[in-house]
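The structure under discussion appears below in the form of C-alpha cells.
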Amino acid sequence: GAVVSQHPSRVICKSGTSVKIECRSLDFQATTMFWYRQFPKKSLMLMATSNEGSKATYEQGVEKDKFLINHASLTLSTLTVTSAHPEDSSFYICSASGDGLRSNLNTEAFFGQGTRLTVV
Amino acid sequence: DAKTTQPPSMDCAEGRAANLPCNHSTISGNEYVYWYRQIHSQGPQYIIHGLKNNETNEMASLIITEDRKSSTLILPHATLRDTAVYYCIVTTNAGKSTFGDGTTLTVKP
C-alpha cells in the first residue's frame with residue numbers, strides 16, 4: 001500500500017517554543033491530508049483537514065492560531081504547534097487518502113507513524 | 001459520520017479466529033465501513049473496508065449484514081502480533097474518520 005511518512009517520530013521541546021511536524025505522502029499525491037491528536041489511552045481525535053493550496057479547516061475547539069497547518073504541495077503537509085505548553089504533549093498523527101484527484105473517493109486511508117511530542 | 005459501537009475488549013487464543021463485532025445502526029447509504037488497528041505508539045493501520053458486500057483480503061474478512069447495521073471483522077488465524085486496538089469506522093471519506101474507543105483485542109498463547 002501507499003506510504004505516509006511523518007517526521008520527527010519523537011520530539012521534546014521547551015515550553016514556549018514552536019515545533020513543526022511534517023507529513024509526506026511518499027508514492028501518491030494527496031490534495032487532502034488530515035491531522036489527529038491522541039492522548040494516552042484515548043482514541044484519535046480529528047484536529048483539522050489540510051487542503052493543498054488553501055486554508056485548513058479546523059474542528060470545533062481546535063485553536064487555529066496555535067496549531068498552524070500548511071499544505072505546500074501535493075505530497076507535504078506540516079503542523080506547527082506554536083508556543084507549546086505541557087498540555088500540548090500528545091501523539092500527533094496525519095493521514096491521507098486517494099491521489100490528487102480522487103481524495104474524496106472511498107479508497108483506503110494511509111496513516112503516518114505518528115509523532116510523540118513532549119513539552120517540558 | 002455514523003456512530004459505531006464496539007465491545008471495549010476481547011480475548012482470543014492464538015491460532016483461533018478472532019471475530020470482532022461492530023454496530024452501526026445509523027449508517028447511511030453512501031457510508032462505507034472501515035476497519036483499522038493500532039498497535040501501541042504507532043499510527044493506525046488499514047485493514048479492510050466495504051460498502052455492502054462481504055470483503056476478504058490477505059489480512060482479514062469483513063462480513064456486513066444485509067441491513068448494513070452491523071459488521072464483523074474476522075482475523076482467521078490470530079497471532080500474538082494481532083494484539084492491538086481495533087477501530088470500526090463508518091464514513092464517506094476514508095481520510096476523515098471519527099474514531100471511537102475501539103476494541104482492545106488480546107491474543108493469548
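Values as computed for the structure displayed
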| quantity | calculated |
| --- | --- |
| Rounded accessible area per residue of the range B:3-109, 1.4 Å, Å² | 50 |
| Where A meets B: accessible area buried, both sides, 1.4 Å probe, Å² | 1600 |
| Accessible area of chain A divided out per residue, in Å², using a probe of 1.4 angstrom | 49 |
| Within chain A: Cβ-based charge dipole about Cα centre, in debye rounded to nearest 20 (Lys, Arg +1; Asp, Glu -1) | 320 |
| Cysteines not pairable in chain B (beta carbon separation under 4.7 Å absent) | B:12 |
| Highest average packing first - A:59-65, B:8-14, Cβ atoms within 10 Å | B:8-14, A:59-65 |
| Cysteines having no other Cys beta carbon under 4.7 Å from their own, within chain A | A:13 |
| Carbon + sulfur, % of accessible area of chain B - ligands and nucleic acids excluded, 1.4 Å | 49 |
| Alpha carbon centroid spacing (whole Å) that separates the range A:52-72 from the range B:95-109 | 27 |
| In Å, descending, principal axis extents of the Cα set of chain B | 40, 28, 23 |
| More than 21 Å apart - percent of Cα-Cα pairs taken over the protein assembly as shown | 55 |
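The values are calculated or read from the model by the stated rules, or taken from the named source; none is laboratory data. Remember, predicted model here, so these are calculated numbers, not experimental data. Cβ coordinates were reconstructed from backbone atoms using ideal geometry, including for glycine residues, and neighbour counts include every protein chain displayed. Each accessible area value is taken on the protein alone, full model and side chains, heavy atoms only, with ligands, DNA and RNA left out. Shrake-Rupley method; radii C 1.70, N 1.55, O 1.52, S 1.80 Å.
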